[in-house]
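Take a look at the structure set out below.
Bear in mind these aren't lab numbers, they're just calculated from the coordinates by the rules spelled out. Worth saying up front: this structure is predicted, and the values here are computed from it rather than measured. We place every Cβ from the backbone using ideal geometry, glycine too, and count neighbours over all the protein chains shown.
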Amino acid sequence: MSAYDYLIVGAGLYGAVFARQMLDRGKRVLVVEKRGHVAGNIYTERVGNIDVHKYGAHIFHTSDAEVWDYVQRYAQFQPFINQPVANYKGEVYNLPFNMNTFARLWGVARPEEARAIIESQRKVLGGKQPENLEEQAISLVGTDIYEKLIKGYTEKQWGAACKDLPAFIIRRLPVRFTYDNNYFNDTYQGVPKDGYTAMVERLLDGADVCLHTDYLADRPHWDAQADIIVYTGPVDAFYAYQYGALDYRTLRFGEETLPTENYQGIAVMNFTDRETPYTRIIEHKHFTRAEDPKTIITREYPAAWQPGDEPFYPLNDAKNCARFAQYEALMRRERRVRFGGRLGRYCYYDMHQVVRLALDDAAKEC
Ligand code: FAD
Ligand code: UDP
């Protein structure tokens, strides 16, 4: 008999929710995490009164009431509506694309006027159904917004031409003909008052957790510890890259503490021109209206993923989706291994989707 019922590889959100569900059913759970901390990419660190989102800005948003109620059990949420702005060579526009953006760009005041401009700019597509990100963007918001607010940002973020990227990436953003700057359409939105790390620690309460532990470095040893393995790392690494490596994008974070109370007046400012090497500046204190005489900002520099880097964004283009399908055939054959999370499923999930997936997957365990 193994010492544990479940070995969970990765102490990110998926692993933590899955662990919680199993612990609540009386199962014995061991979690191994190769980083020196829990919480994966949602890890936050408290500096003075400020929670620093160490792996990029994280705002929890969902319309799934069950997921929202679930996370409330592990953290008190501060209401926060994400209303980032885009900075294009010093011109500042509201996001997502809405009447405030159109008014600033074209001097229009009413939805009908904005629709007419977009309609006339969309003509460059000649009535064609959008097949890539560029065509999808022009079809949604016209050429002006595509050129100023999408093209440069997207090409920096993904390291590829918009013509070569899948359309679904841009469909993540709402387009509205109302004066509404809420970046998300979801019913519930917020950030944990005491940070995501504390939330994940509560989820993991009762599990044995080994940090600084790479499961793949000694797989036979860890496999012997439990009956079932839940793997939330990159699926291609699990299979020793036998069908080749999947592509990811990574980010480098440039963090700075500044002796000023308020640097940019907002939590998230996007830099949408091609020349600025970073895509966003995050000013962390604005997520929770933290009072502190200093401020902490982080610049996000997108980069091609190399072995050893954190694989932040799966690149779900046609080539990689086909490669992932090969791995999926192997995954389906596994009897005692489950794959979960953004990396285990090679999918661009947000936090609420990861919670939903972990709850559903855990419910399937008998
Ligand atoms: P991860 O957090 O990646 O956890 C996987 C864990 O497994 C990691 O800790 C890793 O170290 C560990 N691991 C991997 N391999 C091994 C191994 N061999 N041995 C041991 N441990 C291993 N979502 C939102 O809802 N709102 C947002 O505002 C938002 N902003 C984001 C901003 C950025 C920059 C990024 C990159 C993502 C953002 N997301 C956001 C998505 C969010 O980060 C993910 O949905 C969530 O973190 C996924 O959790 P996970 O457990 O699947 O993966
Ligand atoms: N995007 C853009 N301009 C912006 C913000 C986003 O073109 O100012 C595009 C870009 O392609 C990005 C996608 O919209 O990858 C999704 O944006 P989101 O903010 O959801 O990205 P994430 O938070 O996942 O990095």
Okay, which of the stretch 167-187 sit inside 11 Å, backbone N to the point 7 Å along the Cα-Cβ direction of Ser63?
185-187
Just subtract the alpha-carbon distance of Lys193 and Glu147 from 0.36 nm times their residue separation and send over the number in nm, one decimal.
12.8 nm
From the helices alone, meaning DSSP H stretches of at least four residues, give me the mean residue ellipticity at 222 nm for the chain, per-run term -39500 (n - 2.57), in deg cm²/dmol to the nearest 500.
-9000 deg cm²/dmol
Tell me the label-point distance for the pair Lys364, Gln306, using the 7 Å Cα-to-Cβ offset, in nm and rounded to one decimal.
3.8
Could you pull out every residue, at least 5 positions away or on a different chain, whose amide H is within less than 5 Å of the one on Ile8? Hs are placed 1.01 Å off N in the peptide plane, and Pro or chain starts have none.
Leu30, Val31, Val32, Val230
Contact order relative to length for the stretch 210-366, counting C-alpha pairs under 8 Å separated by 6 or more residues, stands in percent at 29
Mind checking the full-extension length gain between Ala322 and Arg336? Use 0.36 nm per residue of separation minus the Cα-Cα distance, one decimal, nm.
2.6 nm
For the stretch 165-179, Karplus couplings with θ = phi - 60° (6.51, -1.76, 1.60), whole Hz, Gly/Pro x
10, x, 5, 4, 4, 7, 6, 5, 8, x, 10, 10, 9, 10, 8
Classify the stretch 188-330 as rounded, prolate or oblate from the Cα gyration tensor: take a ≥ b ≥ c as the square roots of its eigenvalues, call it rounded if a/c is under 1.5, otherwise prolate when a/b beats b/c and oblate if not.
oblate
Normalised by the residues of the chain, what does the relative contact order come to in percent, with Cα pairs under 8 Å and at least six apart?
27
Ranked list, fewest to most other Cβ atoms within 10 Å of each Cβ, for Ser120, Ser2
Ser120, Ser2
Using only the Cα atoms of the stretch 303-366, build the gyration tensor, take square roots of its eigenvalues as a ≥ b ≥ c, and label the shape rounded, prolate or oblate: rounded if a/c is under 1.5, else prolate if a/b is larger than b/c, else oblate.
oblate
Loop only per DSSP, at most 14 neighbouring Cβ atoms within 10 Å: give me the trypsin sites (Lys or Arg not before Pro) in the stretch 1-88, ordered by residue number.
Arg25, Arg73
Determine the relative contact order of the stretch 170-287: mean sequence separation of Cα pairs under 8 Å and six or more apart, normalised by residue count, in whole percent.
12
Scan around Tyr346 for amide H atoms under 5 Å from its own, H built in the peptide plane at 1.01 Å from N, and keep only partners 5 or more places away or cross-chain.
Val235
Karplus ³J(HN,Hα) for the stretch 206-220 (6.51 cos²θ - 1.76 cosθ + 1.60, θ = phi - 60°; Hz, whole; x = Gly/Pro) runs x, 8, 8, 10, 10, 8, 6, 10, 8, 3, 6, 6, 8, 4, x
By Cβ neighbour count within 10 Å, fewest first, Ile145, Ile50 rank Ile50, Ile145
Surrounding net charge for Asp361, when Lys and Arg each add one and Asp and Glu each subtract one, Cβ distance under 13 Å:
+3
Working only with C-alpha atoms, what are the Rg and Dmax values of the stretch 96-250, expressed in angstrom?
22.7, 66
Given the pairs Lys54/Lys364; Lys193/Lys294; Lys123/Lys151, which span a C-alpha to C-alpha distance of over 23 angstrom in this model?
Lys54/Lys364
What residues from the stretch 239-276 fall in the zone where the backbone N is under 16 Å from a label point 7 Å along the Cα-to-C-beta line of Asp214?
239-241
Through the Karplus equation 6.51 cos²θ - 1.76 cosθ + 1.60, θ set to phi - 60°, convert the phi angles of the stretch 245-251 into ³J(HN,Hα) values in whole Hz; use x for Gly and Pro.
7, 7, 8, 9, 10, 10, 10
Any residue on another chain or 5+ positions along whose placed amide H is under 5 Å from the amide H of Val268 is listed here as Val85, Glu283
Efficiency of FRET from Cβ geometry, Val124 and Ser2, R₀ 56 Å, rounded to 0.05:
0.35
Can you give me the C-alpha center-to-center distance between the stretch 2-50 and the stretch 114-173, rounded to a whole angstrom?
39
Ordered by number, the GluC sites (Glu not before Pro) in the stretch 255-360 that occupy a DSSP loop and have at most 12 other Cβ atoms within 10 Å are Glu261, Glu275, Glu291, Glu334
Would you mind pulling out the separation of the Cα centroids of the stretch 224-244 and the stretch 275-298, in Å?
36
Here D for the chain, in µm²/s, from Stokes-Einstein with a Kirkwood Rh over Cα pairs at 10 °C and 1.306 mPa s, works out to 72
Could you calculate the FRET efficiency of Glu275 with Phe177 from 1/(1 + (r/R0)^6), where r is the beta carbon distance between them and R0 is 30 Å, rounded to 0.05?
0.45
